Every structure is written in C-alpha cells, then in structure tokens.
Amino acid sequence: MILYVLIDFIRNKTNNIIRRVIFYSFIFYLLIVVQVTTGGIIFPPQYDSASVLMQLIPFYFISDWINIYSNNGFDWFFWNSVKLSFYNFIMLTPLGVYLPLLFKLKRISKSILAVFIVSLIIESSQLILGYIGFIRGREFDIDDLILNTLGGTIGYLFIALSSRFIQSLQNRHNGKEMNSLN
C-alpha cells in the first residue's frame, strides 16, 4: 500500500490531495479492521468445532457485566469485558465519518444501513472463517453488531454536526462581509 501511495503522489502530485489522503487513510483503516476482527489468518486451516460460537441474545454484554460484578466486583474480568464492549463501539465509528466524506452519503438512514451491513459482514466472516478453521477465538455476536452500528452512527452524527457548524460559521462570516460592503 505504501508503494501505491508513493507512486500515486508522484504521478498526480497535488491534484485532489485532501480527498486522496482521506481515501488512503480509509484503506489503512480497513486493513486494521480486518486484522483486528480476524486476529490473523491460520494457514493451513485447523478445524475446531468448539471454537465456532454464536451469541444471539441482544444486550447480553450488560447482563455479563452484572454477573461479573456481582461475583468478583470491579476485577480485571469486569474491566476487560467493558473494554471489549467499548472497542466494539469505537471500531466502526471512523466508518461513520468516512461515509459522508468519501461516499457522499447524506442521509443518516443510508449511513446506518451501510454501517450495519459492514458489521454484519464482519460478524458473518468471523463465523464462516472460524468454522472453516482460518481463524480462532472469534464468534458471531449480536452485541458486536449493535455496538458497531451505534458507533458508526455516532461517527456519522459527529461529521454531520461538524459540517453544519462549519457551514453556519461560514454563513455568519459571509453575512458580516456583505454588511461591511453596504
């Protein structure tokens, strides 16, 4: 990827540089998400039927927190569970930012659907690759789907509100220029 970026900068110099930098950061982000969600590919595949798990109860992570806390208090297992839930929340937040910037998605419903589909692809890939034996220790978790989608939505809302704020500042600035000309 680094080689491609260097060649692209040499060939295109400063044409659309901001958009290209955003695109490159998006590709880098996708590579990191793939690495984080797979944990690395095992080759040759090693099938282990016990490693293929599905958690289909929505918001199970909350009852998990309550159970861990009631048994052990605020121990390492509790905070690790909170940390993993937080990581799932923030993992697709950048995707919510990239959707309006790179793909011009202006409607929140389309952005939420896009983030949900990406999250569903991630969770399904973990299930399939785990079943085949290419990855270990991953499962299809409905809570991950919920937290990923919520995080992506927050990212979209952040960029939408930031854009409106910047637009209002520009409108005020342009209004002041017009008043000073009169």
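The values are calculated or read from the model by the stated rules, or taken from the named source; none is laboratory data. Bear in mind the structure is a predicted one, so any value in this text is a computation, not a measurement. Reconstructed Cβ throughout: ideal geometry from the backbone, glycine too, with neighbour counts over all protein chains shown. To get the accessible areas, we keep the full protein, side chains included, count just its heavy atoms, and leave off ligands, DNA and RNA. Shrake-Rupley method; radii C 1.70, N 1.55, O 1.52, S 1.80 Å.
If the segment from TYR47 to HIS173 were pulled out straight at 0.36 nm per residue, it would be longer than the present Cα-Cα gap by 39.1 nm.
Over the C-alpha trace of the chain, radius of gyration and Dmax come out as 21.4, 77 angstrom.
The value of relative contact order for the chain, using C-alpha pairs under 8 Å at least six residues apart, is 31 percent. For the chain, build the charge dipole from Cβ charges (+1 Lys, Arg; -1 Asp, Glu) around the Cα centre, then report which of PHE43, SER124, ILE27 sits farthest towards its positive end. It is ILE27.
Over the range 1-84, accessible surface divided per residue gives 77 Å², non-protein components excluded, 1.4 Å probe. Dipole check for the chain: with +1 at the C-beta of Lys and Arg, -1 at the C-beta of Asp and Glu, and the Cα centre as origin, the magnitude is about 1200 Debye. Compared with the dominant principal axis of the Cα atoms in the chain, helix 142-181 is inclined by about 10°. When the solvent-accessible area of the chain is split by element, carbon and sulfur atoms take up 70 percent of it, the probe being 1.4 Å.
Taking the Cα centre of the range 80-159 as origin and assigning +1 to Lys and Arg Cβ atoms and -1 to Asp and Glu Cβ atoms, the resulting dipole is close to 380 debye.
The angle between the Cα long axis of helix 76-91 and the main principal axis of the chain comes to about 40°, on a 0 to 90 degree scale. Among ASN148, ASN12, ASN88, the largest mean-square fluctuation in a Gaussian network model of the chain (Cα springs under 10 Å) belongs to ASN12.
Taken over the range 102-182, the convex hull of the Cα atoms encloses 102 Å³ per residue. Rounded to two decimals, the Cα radius of gyration of the range 1-53 over 2.2 N^0.38 Å is 1.75. Here the Karplus curve 6.51 cos²θ - 1.76 cosθ + 1.60, taken at θ = phi - 60°, turns the phi angles of the range 124-130 into couplings of 5, 5, 4, 5, 5, 5, x Hz, with x standing for Gly and Pro. Largest GNM mean-square fluctuation among ILE112, ILE18, ILE68, using the chain with Cα springs under 10 Å: ILE18. Against the chain, whose longest principal axis is taken from its Cα atoms, helix 17-38 shows a tilt of about 10°. Here is the list for the range 81-182: chymotrypsin sites (Phe, Trp or Tyr not before Pro) lying in DSSP coil, each with at most 16 other C-beta atoms within 10 angstrom of its C-beta, are PHE103.
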